[in-house]
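Visitor: Structure in structure tokens, see below.
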Amino acid sequence: MKLLKKVILYFIVSSVFIFILGSVSAYFVLKTLIAEEVDETLISEKNRIVKQLEQSAESIPNWKTIHLEVRQIKGNFAEKETLSDTLIYTKDTGEFIPLRQLHFYTRIKDKNYRITLRRSLIEKEDLVAGVTGLMIGIFIATILLLNLINYRSERKLWKPFYKTLQSLNAFELDSQKALNLPSVNILEFEQLNKTLNALTEKLRRDYRNLKQFSENAAHEMQTPLAILRSKLDIMIQDQSFSDEQLQNIRSLYNALNRLSRLNQSLNLLIRIENQEFNRKRKVDFSELIKQQLENLSELIQIQRLSVTTDLDADFVTDFNPFMAETLISNLLINAIKHNVPEGRIDIELNARRLRISNSGQKPKVNPDILFERFKKANPSSDSPGLGLSIVRQICLQNGIDINYAYVNARHTITLYF
Amino acid sequence: MNILIIEDEKELAQSMRHFLNQEGYICDVALNFEEAYENIQLHSYDCIVLDIMLPDGSGLDLLQKLKEEHSRAGVIIVSAKNALDDKIKGLNLGADDYLTKPFHLPELSARVKSIIRRRQFEGDKQVVFREIRVYPDEHRVFVNGTELDLTKKEFELLMYLIGNKNRALTREAIAEHLLGDQADMLDSLNFIYTHIKNLRKKIINAGGGDYIKTIYAIGYKFGEK
């Protein structure tokens, strides 16, 4: 839900309460005011009536209407005048109407009179209806106006915010461009942009440093590895070693090989991540697959694997040749490595996808993590477990979706172009 | 045969010199650009092993100078930076081969041998080891005059073994020679074992000697008994 809509919703909910409260108080205030007004009218009326009665010479007859009652009374009368509310039934409309009445006693020409003056009060219902109607009117008008203002100002006011959002969406940590959000004249957004600029700049710097570091580390490691290997190569030429010493040299050699393999794979991963291979050319994948199968044919023969291919020769796409080669080679080697003797490899290629499926043991680890670094199907193997991460990294950089499934004792990796 | 090793890492340069000396090559070592340039001016080499990253210059510039002077030396670029660009640049500038650190010394030796052989006169383009005669360009092998039917990898294996005769060779070095980078990713021992076995059988069947010896824990050695 948009922030603005949410704000309006809160506003509406709270204004409903405010309006109800306001209406109730308005009702009582108005009622009191009206009653006071009527009381004042009654008092001034009384004075007028009394004057009129005094001036009339004849005796005053008893009189009875809704608004005025005059009755001659015998005996004494109370001095006090009383104000009260009353309801009187009227035949004309057939309903009770609320009235305010003033009883008072007066003595005119030695005769005592009890006089009642009445003024109708505005009916409660009318008042309630009036107040409610008014309030609802104001309420609706306010909401409409608010919405209108919001709608009008939203585009203008929130424009910098949406711009910031857009820039953030397009922002890539490893891109050459800084975020560079512009300065705006709304304080909050200005602060937001400033903070984001600083934050992303720091992120970019840290990322660059880290990348630089891993790049340098992998690179610098190659020379000492080369020295170690060359010294071992010379050492094993010596024929005077005992079997035990040779065994130790073998262990050294194995460890060195693991290390240099690891280093090479990491190096490759880093360089793919650094987008060192972004020069693209037309790559004929079916030709590439045939070539790689040819290269690997003897390894395939040793395991007595049978390979079937269904390759669309017309499928040519823009790809970095080195990455394409690494991708295919890693996938095929993977299919050979995790196969069983006399197993199968089936390769299917068309414009939509590349699918390589091979027979093999059920993976011992969760397939979801197979593409992660240093995760391998067989934890005891010497391989660094980077082959599929390299595949994934290449796919990631070329916008290829990758999927792995183990069905019917077959590993199937599908790349969707 | 004279070889110039241009490598700023002293230890590595010495290893290379030691190994190539044993092959009968005469080696000079240059530890920087200046030394290397001086050596090139003064001597004539058959092969130059060239590190691209030198403290005082780029190996690629040296390569360019060599080519401008129409040097007859074959050049093997050796670089820690297995950047594709460097490789392409180097080969475009006229380098004959490219090797990535860390490499196996027998691999370097095999490549040096191959370059030198390629630069020799036409008629000499055959390699002979006792009764085994190899024509590298035609991929043909004869044992006592009988042609062997070898697969591509078996042929490469034989060339490598002859090129490194009397050397202890690790299974890994052999695998890397035969499979390149792919050797890293596969369990290559089985592969090497099978190929050695087949090659040995084919040579013996053609009346050749059993020249492939197994070295405990290490690998193999090709040579006379």
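None of the figures in this text is laboratory data; all of them are computed from the coordinates on show. Please read all numbers here as calculations on a predicted model, not as lab measurements. Please note: Cβ atoms are built from the backbone with ideal geometry, for glycine as well, and neighbour counts cover all protein chains shown.
Visitor: Which of the lysines could a cross-linker span from residue A:80 if the Cα-Cα distance has to be under 23 Å and same-chain partners fewer than 8 positions apart are dropped?
Guide: A:46, A:51, A:64, A:109, A:111
Visitor: Same structure again: Counting only other chains, and only Cβ atoms inside 10 Å, what mean value do you get across the residues of B:99-109?
Guide: Average neighbour count from other chains, rounded to a whole number: 5.
Visitor: Share of antiparallel DSSP beta bridges in the stretch A:281-416, in percent to the nearest 5?
Guide: 80
Visitor: How high is the relative contact order of chain A, in percent, with contacts defined as C-alpha pairs under 8 Å that are six or more residues apart?
Guide: 9
Visitor: Relative contact order for the stretch B:122-222: what is it in percent, counting Cα pairs under 8 Å that are at least 6 residues apart? It would help to have the intermediate numbers written out before the result.
Guide: On the way: 125 pairs, mean separation 28.0, N = 101.
Value for the stretch B:122-222: 28 percent.
Visitor: Suppose we take every Cα in the stretch A:120-243 and form the convex hull; what volume per residue is that in Å³?
Guide: Roughly 212 Å³ of hull volume per residue.
Visitor: Expressed as a rounded percentage, what relative contact order does chain B have, with Cα pairs under 8 Å and six or more residues apart? Don't skip to the end; give the middle numbers.
Guide: Values: 342 pairs, mean separation 29.0, N = 225.
The normalised contact order for chain B reaches 13 percent.
Visitor: Round to the nearest 0.05 the FRET efficiency obtained for residue A:366 and residue A:17 when R0 = 60 Å and r is the Cβ-Cβ distance.
Guide: 0.65
Visitor: Tell me the label-point distance for the pair residue A:401, residue A:136, using the 7 Å Cα-to-Cβ offset, in nm and rounded to one decimal.
Guide: 5.3
Visitor: Across bins of 5 angstrom width beginning at 0, how are the C-alpha pair distances of the stretch A:188-273 distributed, in whole percent?
Guide: 3, 12, 15, 14, 10, 10, 8, 7, 6, 4, 4, 3, 2, 2, 1, 0
Visitor: Can you give me the three principal axis dimensions of chain B from its C-alpha atoms, in Å, biggest first?
Guide: Ordered largest first, chain B gives principal extents of 54, 40, 29 Å.
Visitor: Let me ask another. Can you pull out the GluC sites (Glu not before Pro) in the stretch B:1-109 whose DSSP state is coil and whose Cβ has at most 16 other Cβ atoms within 10 Å?
Guide: Answer in residue order: B:69.
Visitor: Roughly how many whole Å is it from the C-alpha centroid of the stretch A:1-60 to that of the stretch A:200-252?
Guide: For the stretch A:1-60 versus the stretch A:200-252, the Cα centre distance is 95 Å.
Visitor: Of all DSSP beta bridges located in chain A, what percent are antiparallel, nearest 5?
Guide: Among the beta bridges of chain A, antiparallel pairing accounts for roughly 90 percent.
Visitor: Pairing the Cα long axis of helix A:3-55 with the longest principal axis of chain A, what angle in degrees results, from 0 to 90 and rounded to the nearest 10?
Guide: 0
Visitor: Of all DSSP beta bridges located in chain B, what percent are antiparallel, nearest 5?
Guide: Roughly 50 percent of the beta bridges in chain B run antiparallel, per DSSP.
Visitor: Looking at the stretch A:70-100, which GluC sites (Glu not before Pro) are in a loop (DSSP not H, G, I, E or B) and have at most 16 other Cβ atoms within 10 Å? Show your work: numbers first, answer last.
Guide: On the way: sites: A:79, A:81, A:95; in loops: A:79, A:81.
Loop-located and lightly packed - A:79, A:81.
Visitor: If you don't mind, there's one more thing I want to ask. Any idea what the dipole of the protein assembly as shown comes to, in debye rounded to 20, about its Cα centre with Lys/Arg Cβ at +1 and Asp/Glu Cβ at -1?
Guide: 2420
Visitor: A further question on this structure: On a 0 to 90 degree scale, rounded to 10, what angle separates helix A:285-295 from the longest Cα axis of chain A?
Guide: Tilt of helix A:285-295: around 40 degrees.
Visitor: Over chain A, with a Gaussian network built from C-alpha contacts below 10 Å, which listed residue (A:387, A:133, A:94) shows the highest mean-square fluctuation?
Guide: In this elastic network of chain A, the residue with the biggest mean-square fluctuation among A:387, A:133, A:94 is A:94.
Visitor: Starting from the Cα of residue B:165, step 7 Å along the direction of its Cβ; do the same at residue A:29; then give the gap between the two resulting points in nm.
Guide: According to this spin-label approximation, the distance is 11.7 nm.
Visitor: With all pairs of different alpha carbon atoms counted, what Kirkwood hydrodynamic radius in Å does the stretch A:281-416 show?
Guide: Kirkwood radius, the stretch A:281-416: 15.1 Å.
Visitor: Right, here's the next one. Among A:114, A:355, A:271, which one moves the most in a GNM of chain A with springs linking Cα atoms closer than 10 Å?
Guide: Of A:114, A:355, A:271, the most mobile in the Gaussian network model is A:114.
Visitor: For chain B, modelled as a Gaussian network with Cα springs under 10 Å, which listed residue fluctuates most, B:88, B:196, B:212?
Guide: B:88
Visitor: Would you mind ranking A:74, A:364, A:194 so that the residue whose beta carbon has the fewest other beta carbons within 10 Å leads the list?
Guide: Details: A:74 7, A:364 10, A:194 13.
Arranged by neighbour count, lowest to highest, A:74, A:364, A:194 become A:74, A:364, A:194.
Visitor: Per residue of the stretch A:333-339, in order, report the coupling 6.51 cos²θ - 1.76 cosθ + 1.60 (Karplus, θ = phi - 60°) as ³J(HN,Hα) in whole Hz, putting x for Gly and Pro.
Guide: Running phi through 6.51 cos²θ - 1.76 cosθ + 1.60 with θ = phi - 60° gives 4, 4, 5, 7, 5, 9, 9 Hz.
Visitor: Direction-averaged shadow area of the convex hull around the Cα atoms of the stretch A:74-174, nm²?
Guide: Averaging across all directions leaves 14.8 nm² for the Cα convex hull.
Visitor: Any chance you could get the radius of gyration and Dmax over the Cα atoms of the protein assembly as shown, in Å?
Guide: Cα only, the protein assembly as shown: 49.9, 171 Å (Rg, Dmax).
Visitor: While we're looking at this one, here's another question. May I ask you to derive the FRET efficiency for residue A:238 and residue B:205 from their Cβ-Cβ distance with R0 = 25 Å, giving the value to the nearest 0.05?
Guide: 0.15
Visitor: Here is a further query. Could you derive backbone 3J(HN,Hα) for the stretch A:211-227 from the dihedral phi with the Karplus parameters 6.51, -1.76 and 1.60 (θ = phi - 60°), listing whole Hz in sequence and x where the residue is Gly or Pro?
Guide: Coupling constants for the stretch A:211-227: 4, 4, 5, 5, 4, 5, 4, 5, 6, 5, 6, 5, 5, x, 5, 5, 5 Hz.
Visitor: Per residue of chain A, what 222 nm ellipticity follows from adding -39500 (n - 2.57) for every DSSP H run with n ≥ 4, rounded to the nearest 500?
Guide: -19500 deg cm²/dmol
Visitor: I'd like the mean, over residues of A:250-260, of how many other protein chain beta carbons sit within 10 Å of each residue's own Cβ.
Guide: That works out to 3 on average.
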